[in-house]
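Take a look at the structure set out below.
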Amino acid sequence: MMRLDHVSYACGPDGLTATADRIARELGIESVKGGVHPRFGTRNVIFPLRNNQYLEVVEVLAHPASDKAPFGQAVRARSEMGGGWMGWVVAVDDLVPFEERLGRSRVPGNRKFPDGQELTWQQIGIKGLIADPQVPYMIQWDEGTEKLHPSQAVERPEGQIAQICIAGSRDRVRDWLGRPEQSPLGDVTVDWQAPNGAPGILSVSFMTPHGLVTL
């Protein structure tokens, strides 16, 4: 199994709260407080979406972990550029094939909830994302965390991802993912554009209570 899990947006110079509030106004969807990722030196706000997907707005913290962890480094770099789309994330059942093909080891992640519950996962590919922002990174949610998945933070999500516009190459992304038989993007349309400069996500369009909204 391989599916689009979420898209990540690094906050701008006005900070996490202001960036999330602006996006909430544009989408007409309320955000949900995420929390701190202690291993990465970051924190986030989430927008639960349909199809078990979500939008994450993330901020780097003044914490030693953010200097060491590639995810913290990626968030800081994007925020220092003014903020914006950082990447897209594919959920998989098994990270072993990616570890073998990429020659890297998975990294654990976690986020604690106020009630003491903990959402945990493993991920790989952040260094690839930093080097080539058109490619996604891969995440494997730990067993037993299904009800804690960010898409489940509200009972009835009001929006969904409709289209992602990526400056890059479909073949490059397919090679990165191991050439899966089916696209992990499902019903999400991808507009591939040849990069005139840096590759990466150019925009994401959402179906919302306000209609189709592109960020």
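The values are calculated or read from the model by the stated rules, or taken from the named source; none is laboratory data. Since the structure is predicted, the reported quantities are computational estimates derived from the model, not experimental observations. Every residue, glycine among them, receives a Cβ derived from its backbone with ideal geometry; neighbour counts consider all protein chains shown. All accessible areas refer to the heavy atoms of the entire protein, side chains included, with ligands and DNA or RNA removed. Shrake-Rupley method; radii C 1.70, N 1.55, O 1.52, S 1.80 Å.
For every other residue with a beta carbon closer than 15 angstrom to the beta carbon of L212, add +1 if it is Lys or Arg and -1 if Asp or Glu, then tell me the sum. Write down the numbers at each step before the final one.
Working: positive: R50; negative: E26, E158, D187, D191.
Combined, the nearby Lys, Arg, Asp and Glu give -3.
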Next on the checklist: Between L148 and R174, what is 0.36 nm times their sequence separation minus the Cα-Cα distance? Round to one decimal in nm.
Outcome noted: 6.4 nm
Checklist entry - Tell me, what % of the accessible area of the stretch 28-156 is carbon and sulfur with a 1.4 angstrom probe? => result 49
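Any idea what the dipole of the chain comes to, in debye rounded to 20, about its Cα centre with Lys/Arg Cβ at +1 and Asp/Glu Cβ at -1?
Values: 22 positive and 26 negative charges, 79 e Å.
Magnitude of the dipole: close to 380 debye.
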Next on the checklist: Please state the shape class of the stretch 98-157: rounded when a/c is under 1.5, otherwise prolate if a/b exceeds b/c and oblate if not, all from the C-alpha gyration tensor.
Outcome noted: prolate
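Please compute the length gained on full extension between D191 and K68, using 0.36 nm multiplied by the number of residues separating them and subtracting their Cα-Cα distance.
On the way: separation 123, 0.36 × 123 = 44.28 nm, distance 3.38 nm.
That pair, D191 and K68, stretches by 40.9 nm at full extension.
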Next on the checklist: Suppose all protein chains stay in the model; what accessible area per residue would a 1.4 Å probe give for the stretch 111-190, in Å²?
Outcome noted: 54
Checklist entry - Can you give the net charge of the other residues whose Cβ lies under 13 Å from the Cβ of G109, counting K and R as +1 and D and E as -1? => result +1
Checklist entry - At each listed q (0.19 Å⁻¹), what is the log10 of I(q)/I(0) that the Debye formula gives for the stretch 76-189 modelled as equal alpha-carbon point scatterers? => result -1.27
Checklist outcome for this item: In this structure, the FRET efficiency calculated for R50 and D132 from their beta-carbon separation, with R0 = 22 Å, to the nearest 0.05, is 0.15
Checklist entry - What's the local net charge at N51, with K and R +1, D and E -1, over the other residues with C-beta under 11 Å away? => result 0
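Mind listing which GluC sites (Glu not before Pro) in the stretch 1-86 are in a DSSP loop and have 16 or fewer other Cβ atoms within 10 Å? Walk me through the intermediate numbers first.
Working: sites: E26, E30, E56, E59, E80; in loops: E30.
Passing both the DSSP loop test and the Cβ count: E30.
At 222 nm, what helix-only mean residue ellipticity would the chain give, in deg cm²/dmol to the nearest 500, using -39500 (n - 2.57) for each DSSP H run of four or more?
Values: 6 runs with 48 residues, N = 215.
Estimated from H runs of four or more residues: -6000 deg cm²/dmol.
If you rank L212, L16 by how much accessible surface each has, with a 1.4 Å probe, what is the order from largest down?
Values: L212 110, L16 5 Å².
Most to least solvent-accessible, the answer reads L212, L16.
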Checklist entry - Could you give the Stokes-Einstein D for the chain in µm² per second, using the C-alpha Kirkwood radius, 4 °C, 1.567 mPa s? => result 75
